[in-house]
1. Based on the alpha carbons, how large is the Rg to Rh ratio for segment 96-162 when Rh follows Kirkwood?
2. Please list 3J(HN,Hα) in residue order for segment 52-67, calculated via the Karplus relation 6.51 cos²θ - 1.76 cosθ + 1.60 where θ = phi - 60°; whole Hz, with x for glycine and proline.
3. With all protein chains present, how much of the accessible area of segment 1-149 (probe radius 1.4 Å) comes from carbon and sulfur, to the nearest whole percent?
4. Applying 1/(1 + (r/R0)^6) with R0 = 25 Å to the Cβ-Cβ distance of E52 and D20, what FRET efficiency is obtained, to the nearest 0.05?
5. Taking only protein heavy atoms into account and a 1.4 Å probe, give the accessible area per residue of segment 1-148 in Å².
6. If the label point is 7 Å along Cα→Cβ of E83, which residues in segment 143-165 have backbone nitrogen under 20 Å from it?
7. Roughly how many nanometres apart are two label points built 7 Å out from the Cα toward the Cβ at D91 and C163?
8. Any idea what log10 I(q)/I(0) is at q = 0.11, 0.15, 0.20 Å⁻¹ for segment 1-89, Debye with uniform C-alpha scatterers and no solvent?
Amino acid sequence: MAAEEVYDWLIASSTSSAGDPFDVHVAASIAAVAFAEAEEDGRNCLEALGLEKSAFLDLARILFPDAVEMLDRRMEGRLLAVEPEEQSIRDILGIYSSDAGRLQTHFIAMIARRCQSPHHLWQDLGLRDRAELRELMTRRFAPLALKNRQDMKWKKFLYRMVCGSEGFTLCAAPVCSDCDEFHVCFGAEDGESRLARNRNAAANANVPLGQVAADALPEAAE
């Protein structure tokens, strides 16, 4: 199933949710990109998402209640391995979290896992642009957003925070403005949303997206 189809199906499954619409959008975006990526790579979709089945079902009960029954039937549960580097990102996000609720725990896990992917973080979260990532970090990790007052690229900033917390320095430059690779950490994060790219590709090929059928979900959710 294509990423945009997963997104549309999850959004349609959120109509009875009392969750914040922005949280619904962000979680659907992350899941859509992760599931499509996992399907392409032949991985379990929850591995790409960073949540075990019980955790994802809990997130779905909060934000996508109409999808819970199907997800429970179709998804394969398995233990999720978390490498030390990813755990360090989780720890930093937890320390600077604005919320201690269950939903926040799920966002922390998903963001930390998607940090392992190779694109700009806003793209690997399936967001429309970098401004949405800034809004996400400001809403859910306000103390961390305040620390990133120079607006460093978020993956660079998170790994810099990890390095500082573990007692070593990410780079040798005394201040960022003196660094020869300033653009690497602070340059524009241009590019197209991964969801938008898929929609445009389908439109250019005259392929109708249509409505996600129940029988299509197992291919993306196993």
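1. Rounded to two decimals, Rg/Rh equals 0.92.
2. Residue by residue, segment 52-67 yields 6, 4, 4, 5, 5, 5, 5, 4, 5, 4, 7, 10, 10, x, 6, 9 Hz.
3. Carbon and sulfur together cover 50 percent of it.
4. Working from the Cβ atoms, E equals 0.60.
5. With all protein chains present, segment 1-148 gives 40 Å² per residue.
6. Label zone hits: 154-165.
7. 1.7 nm
8. So the normalised log intensities work out to -0.29, -0.54, -0.95.
The values are calculated or read from the model by the stated rules, or taken from the named source; none is laboratory data. Fair warning: this is a prediction, and the values are worked out from it, not measured in the lab. All Cβ positions, glycine included, derive from the backbone under ideal geometry; neighbour counts span all protein chains shown. These accessible areas exclude ligands, DNA and RNA; they are computed on the full protein's heavy atoms, side chains included. Shrake-Rupley method; radii C 1.70, N 1.55, O 1.52, S 1.80 Å.
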